[in-house]
Amino acid sequence: MKYTFSDHFSANASRLSPAILAPGHLHMVEEFCSMFPFDAAADFGFETRLGNPEASCDFFMQIRKDTEGPGIIAGKSQVARLSAALLNNPFWQKISDFFSAWTDVSSLLNDRIESIWLEFDCMDSSYNPIPNIFFKITSKNESRESQWIHMLEILDEIYQILFGIKFPAGLGRSLKRCIKAIPPNGRVCNVGFMIPRKTEAVRFILAGLGEDSLIEYLNDIRWPGDTDVIRKMIQRYASKFDYAVFNLHIGKTVLPFLGMEMYLKELSQPQWDPRWSEIFDFLEAENLLLRDKREGLTSYTCKNTVSYFFPVHYFNGINHLKLVYKPGMPLECKGYFGTMINPH
């Protein structure tokens, strides 16, 4: 029997509440996963809007450098290949080239990128096969100027592969200013391209910043949103978690968007950590979380082992919650949850 990535999903699908993923959407995920080989990714998961009753989720896969996944997507595996539906897609040929460059041990991409996330947007009857692409940057002890030089080299190479052009100069100037302004305790942890959303902007994710240093940073880069709202978000919501990272959108100018990802350490889960119950109670009272979404997140968390040709261990759980600020819009809360395959 030939297994596909849909077997990983199917082994855990019974844990998915219909309040989070309706049966029709569950079938969409299973069908989409069947286009990828069994070992294509180390983790998979979902994004759900916790205050919205709609039972659909965006789907994502994490591909780590130290696994079989990069070679499979690069087309270098002797035993596993992507489906013809993906291989015949012109943009997926470019994605394969990107992964091929990443797997070259002599390349800057291999040296500076630790892992890649492919996030697939949910559409009416299927998933968009063109993903948003995020990559985790290896932290180096170097000056902001050196960080920017290496970042531009990375972005240039990725843009040349995916889009056939150099990284746009106007976007580069804006991003350079934002990198050079990062306080000493801050770092860029992830960068992303929202490709199917057709926006010339970079998702820029910063870690290591506290309340005061973040507000100072936002002022330094002339972020056009309301920093008083962000300060209140941190005090009211992030304070209930162990740490937070912050998402910005950098285009030719800094855009008035901010996402605040909030984490508990060591992937703490509701069954073992009473803080989750307190957090959920609070978010429900704030009208940011529906009760059935809360129950759906909690019911997904478990450990599971399935025997294929060999035992595969699964750890299902909540990764983090995110609050999204957009001017003139109410705050939105999203939940990110999923499955680690063969966790140590």
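Annotations for the structure displayed:
- Contacts under 6 angstrom Cβ, first residue in the range 261-284 being at positive phi and aliphatic (A, V, I, L, M), partner surrounded by 15 or more Cβ atoms within 10 Å (Cβ to Cβ) and not in a helix (DSSP H, G or I), 6 or more apart: LEU267/GLY317
- Selected residue (only one of ILE20, ILE95, ILE63 is at pLDDT 95 or above and more than 30 Å from THR298 (Cα to Cα)): ILE95
- The range 179-224, subset without any contact (Cβ under 8 Å) to a residue 12 or more places away in the chain and farther than 23 Å from TYR263 by Cα, residue surrounded by the fewest Cβ atoms within 10 Å (Cβ to Cβ): LYS198
- Members of the range 108-149 that are in contact (Cβ under 8 Å) with a residue 40 or more places away in the chain, among the polar types (S, T, N, Q) and farther than 16 Å from ILE73 by Cα: SER125, SER126, ASN128, SER139, GLN147
- The set of residues in the range 124-148 being in a loop (DSSP other than H, G, I, E, B) and touching a Phe, Trp or Tyr at 6+ places or on another chain (Cβ under 8 Å) consists of SER126, ASN128, PRO129, ILE130, PRO131.
- Being touching a strand residue (DSSP E or B) at 6+ places or on another chain (Cβ under 9 Å) and of a type in the set (A, V, I, L, M, F, W, C) holds for only one residue in PHE310, PHE315, and it is PHE315.
- Scanning the range 228-237 for residues that are without any contact (Cβ under 8 Å) to a residue 40 or more places away in the chain and surrounded by 15 or more Cβ atoms within 10 Å (Cβ to Cβ) yields a count of 2.
- Residues located in the range 258-309, provided they are more than 30 Å from TYR3 (Cα to Cα), aliphatic (A, V, I, L, M) and surrounded by 14 or more Cβ atoms within 10 Å (Cβ to Cβ): LEU258, MET260, MET262, LEU264, ILE279, LEU283, LEU288, LEU289, LEU290
- Count of the range 39-57 residues which are over 20 Å from ARG15 (Cβ atoms) and either aliphatic (A, V, I, L, M) or surrounded by 21 or more Cβ atoms within 10 Å (Cβ to Cβ) (or both): 1
- Helices (runs of 4 or more DSSP H) (entirely within the range 1-91) containing at least 2 residues that are of a type in the set (D, E, K, R) and under 19 Å from PRO343 (Cβ atoms): none
- Residue within the range 325-334 that is over 17 Å from LEU50 (Cβ atoms) and touching a Gly at 6+ places or on another chain (Cβ under 7 Å) present: yes
- Exactly one residue out of ILE195, ILE149, ILE250 is of a type in the set (Val, Ile, Thr) and over 24 Å from PRO327 (Cα atoms): that is ILE149.
Results for (1) under 14 Å from the mean Cα position of the chain (by Cα); (2) part of a loop (DSSP other than H, G, I, E, B), shown as yes or no for each residue.
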| site | (1), (2) |
| --- | --- |
| ILE165 | no, yes |
| LEU171 | no, no |
| ILE179 | no, no |
| ILE182 | no, yes |
| ASN185 | no, yes |
| ASN190 | yes, no |
| GLU200 | no, yes |
| ARG203 | yes, no |
| LEU206 | yes, no |
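The values are calculated or read from the model by the stated rules, or taken from the named source; none is laboratory data. No experiment lies behind these values; they were computed from the predicted model shown. For neighbour counting, all protein chains shown are included, and Cβ atoms are generated from backbone atoms with ideal geometry for every residue, glycine included.
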